[in-house]
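Everything below concerns the one structure shown next.
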Amino acid sequence: MLAKADRARLEYLLKLIDDLNVITGRHGGIVETINDVEGFHAAMMCCLQLGETLNKLENVLIREQLPVSLAYSMRNIIAHDYLGINPDIIISTIKNDIPGLHAQIKGILQVPPNTHI
């Protein structure tokens, strides 16, 4: 069964992804977002929070389905090595990986409440 805390975390992850989409939309795209000072910092905060929140998921089976360690590694780079951030990796992640993460989380949240995950 999906615990209430993990459900709340998963729903928050979807909100972060939606926020990231709003940010990139306001800036005219992912590359434009990363090239804009405000957009860059906003996108980095969303990516940091994605990694932090994924790492707080408690259900082992859910953690195995999601890129927890990769996202947490990115979170650590953003939090502790801000000058070492590679914009191309961030752009690729937002463009290629975040949409799949969104779909995975939606799928997990659609599992009936009494089903053991």
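No value in this document is a laboratory result; all are computed from the given coordinates. Note that the structure is predicted; figures quoted are calculated from it, not measured. Because the Cβ atoms are built from the backbone with ideal geometry, glycine has one as well, and the counts that use them run over all protein chains shown.
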Alpha-carbon Rg/Rh ratio, for the range 1-105, with Rh computed the Kirkwood way: 0.97
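Summing Lys, Arg as +1 and Asp, Glu as -1, what charge do residues with Cβ under 12 Å from the Cβ of Glu11 carry, Glu11 excluded?
Summing Lys/Arg as +1 and Asp/Glu as -1 gives +3.
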Under the Karplus curve 6.51 cos²θ - 1.76 cosθ + 1.60, θ = phi - 60°, whole-Hz ³J(HN,Hα) for the range 80-87, x wherever Gly or Pro sits: 10, 9, 3, 6, x, 5, 9, x
Kirkwood hydrodynamic radius over Cα pairs of the range 6-51, then Stokes diffusion coefficient at 20 °C and 1.002 mPa s, in µm²/s: 202 µm²/s
Helical mean residue ellipticity (222 nm; -39500 (n - 2.57) per DSSP H run of 4+; nearest 500) of the chain: -22500 deg cm²/dmol
Binned Cα-Cα distance frequencies in the range 46-117 - 5 Å width, integer %: 3, 15, 24, 25, 14, 9, 5, 3, 1, 0
Restricting the range 42-114 to GluC sites (Glu not before Pro) in coil, as DSSP defines it, with at most 15 other Cβ within 10 Å: Glu58
